[in-house]
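I have placed the structure first, in the form of structure tokens, so that the comments after it can refer back to it.
The values are calculated or read from the model by the stated rules, or taken from the named source; none is laboratory data. Predicted model, so just to flag it, every value in this text is computed and none were measured. Positions of Cβ are backbone-derived with ideal geometry, glycine not excepted, and every protein chain shown enters the neighbour counts.
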């Protein structure tokens, strides 16, 4: 019985390693918070200052903010600027 429990626990750990960490998953609420924060900083995240302001407004760490930005770009809610930075294309920034 102990072997079965140990095997089940190892299987659960392996499976959980395949799932994204909750803080790195992105949902519609995250995208809305990002759009709101982008509007508050002028619709463009171009440098470290605006990036820090967005991070402060949302309470996210850099890794989470990067994931949300990637998802916003993938869903065409933001676009990468030719000279660098990201511009929001939704909400007040549309």
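Residues in region 71-86: is at least one in a helix (DSSP H, G or I), exposed (fewer than 11 other Cβ atoms within 10 Å of the Cβ) and either at pLDDT 95 or above or under 11 Å from the mean Cα position of the chain (by Cα) (or both)? Within region 71-86 (the criterion being in a helix (DSSP H, G or I), exposed (fewer than 11 other Cβ atoms within 10 Å of the Cβ) and either at pLDDT 95 or above or under 11 Å from the mean Cα position of the chain (by Cα) (or both)), the answer is yes, since at least one residue qualifies.
When the residues of region 53-70 are filtered to those that are assigned to a loop (DSSP other than H, G, I, E, B) and surrounded by fewer than 19 Cβ atoms within 10 Å (Cβ to Cβ), the one that is nearest to the chain's Cα centre (by Cα) is 61.
Among the criteria (1) more than 28 Å from residue 83 (Cβ to Cβ); (2) in contact with a helix residue (DSSP H, G or I) (Cβ under 9 Å, 6 or more places away or on another chain); (3) at pLDDT 80 or above, the one residue 60 does not fulfil is (1).
Against the criterion of being without any contact (Cβ under 8 Å) to a residue 40 or more places away in the chain and crowded, with 19+ Cβ neighbours inside 10 Å, residue 50 qualifies. Residue 24 falls short on exactly one of the conditions (1) at pLDDT below 90; (2) touching a helix residue (DSSP H, G or I) at 6+ places or on another chain (Cβ under 9 Å); (3) within 20 Å of residue 94 (Cβ to Cβ), and that condition is (3).
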